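Derivation of every value follows stated rules applied to the coordinates shown; laboratory data play no part. Note that the coordinates shown come from a computational prediction; the quantities given were computed from them, not determined experimentally. Note: ideal-geometry Cβ built from the backbone for every residue, glycine included; neighbour counts use all protein chains shown.
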Amino acid sequence: MSPRTANMAVAVHPLLAERWSPRSFDATHTISDEELHSLLEAARWAPSARNSQPWRFLVGRRGDTTYEQIFSTLMSGNRLWAGQSSLLVAAVAAERLEDGTPHHGAAYDTGLAVAQLAVQAHALGLHTHQMGGFHPEQLRSALGIPDGYRPLSITAIGSLAPAELLPQALRDRETAARERRPLADTFFAESWGNPLTVRHDG
Ligand SMILES: Cc1cc2nc3c(=O)[nH]c(=O)nc-3n(C[C@H](O)[C@H](O)[C@H](O)COP(=O)(O)O)c2cc1C
């Protein structure tokens, strides 16, 4: 078990317990076409409201123009590390349904697709790190994203490298304990804020 595995109260599937968002990626690693295809399929088969599939993705492999363009739109803190990743994937949501009405759930659905991609990446022995720290309008103009489509996130994907390879400022965060709010502050029953009781003998 990795030291970054979530400290969970009960057993959860290793793909979920062991997923975490590193910043240290192996700059020599490349993703095979088969792995890439598998990631895309995992995202494509996500559920969505009315099967509307509002997601679109721009995919760059390190060394190609798409990667460089996506990378250039990242905020400076993310540019410190994300350029070592093997792939940069920008997630974009269609703001309208096919009949032209607003798609209020587009971001929700697109996040689900990214989550599926992240779990599939972990199943392939890769790691992912999602980022909201980028300039959406720069991404729009760099890659020709039309009106009506909203850039939501950029995900770095690659193979984990040792924390020691990171700049000092990022090293401590890479190895710090991972934290989450307690269950009782998150899951309610009977009324808002009243903790759900879960009886568990395991
Ligand atoms: C939508 C979204 C945006 C994020 N933006 C950034 C970001 O810009 N830079 C960064 O370093 N991490 C970013 N993260 C990563 C989170 O900080 C990270 O997922 C969170 O601290 C939990 O850590 P874990 O993924 O290792 O469990 C983002 C994550 C998500 C889901």
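Placing unit charges on each Cβ (+1 for Lys and Arg, -1 for Asp and Glu) gives segment 1-160 a dipole about its Cα centre, and among Pro14, Gly60, Leu80 the Cα reaching farthest toward its positive end belongs to Leu80.
Using a ≥ b ≥ c from the Cα gyration tensor of segment 118-170 (square roots of the eigenvalues), is it rounded, prolate or oblate, where a/c under 1.5 gives rounded and otherwise the larger of a/b and b/c decides, a/b for prolate? Oblate, since a/c reaches 1.5 and b/c is not below a/b. Charge dipole (Cα centre; +1 on Lys/Arg Cβ, -1 on Asp/Glu Cβ; no other charges) of the chain amounts to roughly 320 debye. For segment 1-93, the Kirkwood estimate of hydrodynamic radius, built from reciprocal distances between every pair of different alpha carbons, is 15.6 Å. Summary of the geometry: segment 18-96 and segment 177-196, compared by the centres of their Cα atoms, lie 31 Å apart.
Proximity of backbone amide H atoms, modeled 1.01 Å from N, is registered between Arg96 and His103 at under 5 Å, excluding neighbours fewer than 5 places apart on the same chain. Name the most mobile residue of Arg61, Arg171, Arg50, meaning the one with the largest mean-square fluctuation, in a Gaussian network model of the chain with Cα contacts below 10 Å. Between Arg61, Arg171, Arg50, it is Arg50 that shows the largest mean-square fluctuation. Taken over the Cα atoms of segment 21-177, the convex hull encloses 113 Å³ per residue.
Can you list which of the DSSP-assigned H helices in the chain have a Cα extent of 18 Å or more along the long axis and an average Kyte-Doolittle score of at least 0.5?
Membrane-span-like by this criterion, though nothing is claimed about a membrane: 106-123.
Going by a ≥ b ≥ c, the root eigenvalues of the Cα gyration tensor, does segment 128-202 fall in the rounded group (a/c under 1.5), the prolate group (a/b larger than b/c) or the oblate group?
Values: a/c = 3.23, a/b = 1.40, b/c = 2.31.
Verdict is oblate for segment 128-202.
Within segment 76-161, the ratio Rg/Rh, alpha carbon atoms throughout and Rh by Kirkwood, equals 1.01. Each residue of segment 55-61 is assigned a 3J(HN,Hα), and the resulting list reads 6, 9, 9, 10, 10, x, 9 Hz, derived from the Karplus form 6.51 cos²θ - 1.76 cosθ + 1.60 (θ = phi - 60°), x at Gly and Pro.
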